[in-house]
Amino acid sequence: MPNEKGRYLRVPAVLGQLARAQHPQTLAQLAYRLELPKTTLMRILATLVTSRLVVRVPGERGYVLGPATTQLALEVLHTSYFSRAARSILAGLVQATGETCNLTALEGDSMRYLERVETSYLLRLKLDVGTRVPLHCTATGKLALALMDDTQRHHTLDRLTLDRHTGRTITDRTRLERELASIAQHAVGVDQEEFVRGMVAVSVPVLNTAGRMLAAIACHGPTARISMAHLMGAVPKMRDAAQAMAKVLDGESQPSKASA
């Protein structure tokens, strides 16, 4: 049926609008921005909600991307092209910084390691690709929380248990929210031995053209060898790598190494 075919051809436009939005989108907002009749849009959204590609936010009468969308995006990042491209960029960053670098993305209420390139030093922390780490005590996790919109961050923090991993883990929500505000201002996540004792880390966001965080790049190392000041000095190189990674994820360019 032509009408049915046309309706499903509009699905990418709906998902794209939700991906670009910084806040939950109401039916009226989506209908206006996509120039679609509300009845047509309601049928599309009902199908997307059933498939978990879209979620209706309780109490706000708005829609956001759902967990199935996140899972689909993560699976795409595991394809051979994106894996090679990400590793190439991370390898260039490792060469420039001397420390282990990784690419992570938000998955549910944790960060998942998508790619990782190790330092050549024997003293290092081993975390395999696929590992999930907490949000409240890691550089990439705190960065993801800090760059969420207020509503999403509030709901996420409500769900989290602020478990203590080291003596420096922030377990008080008020204190954590103050740190997240500072991280949001500078768009640099930090972990000062909060997840693993003796390890420090710094992260920067990989942003799409709308300024939304797609993933995060982090560098970390043992305090026996490096300091937080050393890692902060690598932030400009990390931002260059994040820009290169964003182009790869958007399909705009071939993989290239971050400049040393």
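The values are calculated or read from the model by the stated rules, or taken from the named source; none is laboratory data. Since this is a predicted model, take the numbers as computed values, not measurements. Cβ coordinates were reconstructed from backbone atoms using ideal geometry, including for glycine residues, and neighbour counts include every protein chain displayed.
At a glance:
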read-out	value
Test result for I44, surrounded by 19 or more Cβ atoms within 10 Å (Cβ to Cβ), over 24 Å from the mean Cα position of the chain (by Cα) and modelled with pLDDT of 85 or more	yes
Matching option when the condition is surrounded by 14 or more Cβ atoms within 10 Å (Cβ to Cβ), part of a helix (DSSP H, G or I) and modelled with pLDDT of 85 or more, among A86, A105	A86
Scan of segment 216-241 for residues that are among the hydrophobic types (A, V, I, L, M, F, W, C) and more than 17 Å from V206 (Cβ to Cβ), ordered by number	A224, I226, M228, A229, L231, M232
Yes/no for L157 being free of Cβ contacts under 8 Å to residues at least 60 places away in the same chain, surrounded by fewer than 19 Cβ atoms within 10 Å (Cβ to Cβ), in a loop (DSSP other than H, G, I, E, B) and of a type in the set (A, V, I, L, M, F, W, C)	no
Qualifying position, being modelled with pLDDT under 95, among the hydrophobic types (A, V, I, L, M, F, W, C) and in a loop (DSSP other than H, G, I, E, B), among A229, A215, A244, A210	A210
